[in-house]
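Asks: One structure, pasted below without further comment.
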Amino acid sequence: MAIKTTINYSPNFGVKKRKKKQVKYLVFHYTGMRSEKSAIQKLTNIQSEVSSHYFIKRNGEIIIMVPELYIAWHAGKSKWQRTWSLNNSSIGIEITNKGHEFGYQNFTKFQIKSLIKLSKYLIKKFKISKKNILGHSDIAYERKKDPGEKFPWDLLNKNGIGIWHKLSEKKLIKLRKKLVKSNEEKKFINQLRKIGYFTKNLSINKKINLIKAFQRRYRPKLINGKIDKENLLIACKINNSIN
């Protein structure tokens, strides 16, 4: 690997080696812990039963925790498109950040630079599609918020990583908070299903969490769990870009 890394292996992974072609997804996380040290300790502690393939420190240093062809335990209960339990088919990258519970931070320029280099390497190596580059909240929105609204999806997209819309801010602001009709609400949920989100059996709370997950990813300036015309336009544009 041309990227400079250090090794701190985690004991938390599946012992059965997978084939290269089985790796289809790249999943980004934040650690969501008070300190970087405690996050590393947790991910390498056998009793925690959690891990990731890579860990990116605040200074941009990349740590290898689980070799790529082994299944790391980073996604938990998860669903995307027709795939359940994304641990089996993904590579997980943890990025140090205190998260929403302990004082959500901006990601550092060193972290983003390292993430771009690492992601490009993995995308090329495993031939990962842009539409299969995800955040933890995309695949587990009922319980997760990471990597959150401060994660620079638009910047990553400019570097060939992941999906983003190219709608003008001026156009979007005009549609922000404009309520949708019932048929438009159904259309929005259907667009999310086509993008890959799990939309079956939506309770009120589950629906709100789904909308917030979409907003954290594609409309980070306002996360209110409410569908408006801006959300609908973005969802349609995203869906068109992947089909």
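Asks: May I ask which residue of Tyr30, Val15, Asn205 lies farthest towards the positive end of the charge dipole of the chain, with charges of +1 (Lys, Arg) and -1 (Asp, Glu) on Cβ and the Cα centre as origin?
Replies: Among Tyr30, Val15, Asn205, the one farthest towards the positive end of the dipole of the chain is Asn205.
Asks: Please check: in the Gaussian network model of the chain (C-alpha springs, under 10 Å), which one of Lys42, Lys212, Lys125 has the largest mean-square fluctuation.
Replies: Of Lys42, Lys212, Lys125, the most mobile in the Gaussian network model is Lys125.
Asks: Would you mind calculating the relative contact order of the stretch 93-243 from Cα pairs under 8 angstrom and at least 6 residues apart, reporting the percent as a whole number?
Replies: 25
Asks: Helix 109-126 sits at what angle to the longest principal axis of the chain, using alpha carbons and giving 0 to 90 degrees rounded to 10?
Replies: 90
Asks: Rounded to the nearest 20 debye, what is the charge dipole size of the chain about its Cα centre when +1 sits on each Lys and Arg Cβ and -1 on each Asp and Glu Cβ?
Replies: 900
Asks: With everything on Cα atoms, drop me the angle between helix 229-242 and the longest principal axis of the chain, reported from 0 to 90° to the nearest 10.
Replies: Taking the Cα atoms of the chain, the angle to 229-242 is about 60 degrees.
Asks: Within the stretch 45-79, list the GluC sites (Glu not before Pro) lying in a DSSP loop whose Cβ has at most 12 other Cβ atoms in a 10 Å radius.
Replies: Counting only loop positions with at most 12 other Cβ atoms within 10 Å, the GluC sites (Glu not before Pro) in the stretch 45-79 are Glu49.
Asks: Now, a different point. With +1 on the Cβ of every Lys and Arg and -1 on the Cβ of every Asp and Glu, and nothing else charged, how large is the dipole of the stretch 67-149 about its Cα centre, in debye rounded to the nearest 20?
Replies: 420
Asks: While we're looking at this one, here's another question. Along the Cα→Cβ direction, 7 angstrom out, place labels at Phe102 and Leu167. What is the inter-label distance in nm?
Replies: 3.5
Asks: Between the helical axis of 182-195 and the dominant principal axis of the chain, each derived from Cα atoms, what acute angle in degrees is found, rounded to the nearest 10?
Replies: For helix 182-195, the angle is close to 30 degrees.
Asks: Give me the count of lysine pairs in the stretch 41-130 whose alpha carbons sit under 20 angstrom apart, restricted to pairs 8 or more positions apart or on different chains.
Replies: 20
Asks: Looking at the chain only, what percent of DSSP beta bridges run antiparallel? Nearest 5 please.
Replies: Counting DSSP beta bridges with both partners in the chain, the antiparallel share is about 30 percent.
Asks: Divide by every residue of the chain the summed helix terms, -39500 (n - 2.57) for each DSSP H run of at least 4, and state the resulting mean residue ellipticity at 222 nm, rounded to the nearest 500 deg cm²/dmol.
Replies: -11000 deg cm²/dmol
Asks: Using the charge dipole of the chain (Lys, Arg: +1 at Cβ; Asp, Glu: -1 at Cβ; taken about the Cα centre), state which of Tyr70, Phe126, Asn190 has its Cα farthest towards the positive end.
Replies: Asn190
Asks: Can you tell me which of Leu172, Leu210, Leu118 moves the most in a GNM of the chain? Springs connect C-alpha atoms under 10 Å apart.
Replies: Highest fluctuation among the options: Leu172.
Asks: For the chain, set up a GNM with springs between Cα atoms under 10 Å and report which of Val50, Val27, Val66 has the largest fluctuation.
Replies: Val50
Asks: Let me know the whole percent of all Cα-Cα pairs from the stretch 65-155 that are separated by more than 17 Å.
Replies: Percentage above 17 Å: 54.
Coordinate-derived values only; no laboratory data. Not measured: the values here are computed from a predicted model. With ideal geometry, Cβ positions are generated from the backbone for all residues, glycine too; neighbour counts draw on all protein chains shown.
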